[in-house]
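Each remark here refers to the structure printed beneath this line.
Values in this text are rule-based calculations from the coordinates and carry no lab data. Predicted, not measured: the structure shown is a model, and the values here were computed from it. Reconstructed Cβ throughout: ideal geometry from the backbone, glycine too, with neighbour counts over all protein chains shown.
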């Protein structure tokens, strides 16, 4: 996440994380491993609902999800406890100042996250489009 | 209506509890919004 944050800044964009816990939970999360980008919270899930992000009781129990979890454990992942709604799934959006949504990915299950390269490619295409229009 | 129009008026909060209108995040520059599953 840190590496993509630097790349996103290089394109003149900002990376903002939005969690579904309280401000106190967010501050505790940030304190344990301070982030070099903005962290907001949406404890009422208003943004999550507006973005039509999914919630699923069963999302953690699908075989593919369990495999991803064990793979993450083998890779050294050690969670710090769950704070916020554990059934709320996430999503990623790249939004331009024009209001144009250049990238959108809504998670359908746990561990279903976009590759950073997808987001960066969208940013790069946008930035190249700006550079092209500036020279014409 | 695209998702940006729907999200723009939504109020999230910073870590001090101050409201932040999501639309302000992309007013001047592109924003990559990552809605997390949960903290932890």
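Suppose each label sits 7 Å from its Cα in the direction of the beta carbon; what would the residue B:2-residue A:100 distance come out to in nanometres?
0.7
How far apart, in nm, are two points set 7 Å out from the Cα along the Cα-to-Cβ line at residue A:121 and at residue B:16?
My value for the distance between the label points is 4.1 nm.
Give me a single rounded figure for A:31-44: the average over its residues of other chain Cβ atoms within 10 Å of their Cβ.
On the way: counts 1, 2, 0, 0, 0, 0, 2, 5, 6, 12, 8, 8, 3, 4.
Taking the mean over all residues of the peptide, I get 4.
How far apart, in nanometres, would the label points at residue B:27 and residue A:130 be if each is projected 7 angstrom from Cα along the Cα-to-Cβ direction?
Each label point is offset 7 Å from its Cα along the Cβ direction, giving 1.8 nm.
Viscosity 1.567 mPa s, temperature 4 °C: give me the Stokes-Einstein translational D for chain B in µm²/s, with Rh taken as the Kirkwood radius over C-alpha pairs.
Numbers: Rh = 11.3 Å.
It comes out at roughly 115 µm²/s.
Assuming R0 = 22 Å, what is the FRET efficiency of residue A:73 and residue A:109, from their Cβ-Cβ distance, to the nearest 0.05?
Working: r = 17 Å, r/R0 = 0.79.
Given R0 = 22 Å and the Cβ-Cβ separation, E is 0.80.
Could you sort A:3-15, B:8-20 so that the peptide with the highest average Cβ count within 10 Å comes first and the rest follow in order? Mind showing how you got there, number by number?
On the way: A:3-15: 17.0, B:8-20: 15.4.
Highest to lowest by the protection proxy: A:3-15, B:8-20.
Can you give the average number of partner chain beta-carbon atoms within 10 Å of each beta-carbon in peptide A:98-106, as a whole number? Don't jump to the answer; show the numbers that get you there.
On the way: counts 3, 9, 4, 7, 3, 2, 4, 1, 2.
Across A:98-106, the average partner-chain Cβ count within 10 Å equals 4.
Sorting A:94, A:89 on the 10 Å Cβ count, fewest up front, what's the list? It would help to have the intermediate numbers written out before the result.
On the way: A:94 26, A:89 23.
With the fewest neighbours first, A:94, A:89 line up as A:89, A:94.
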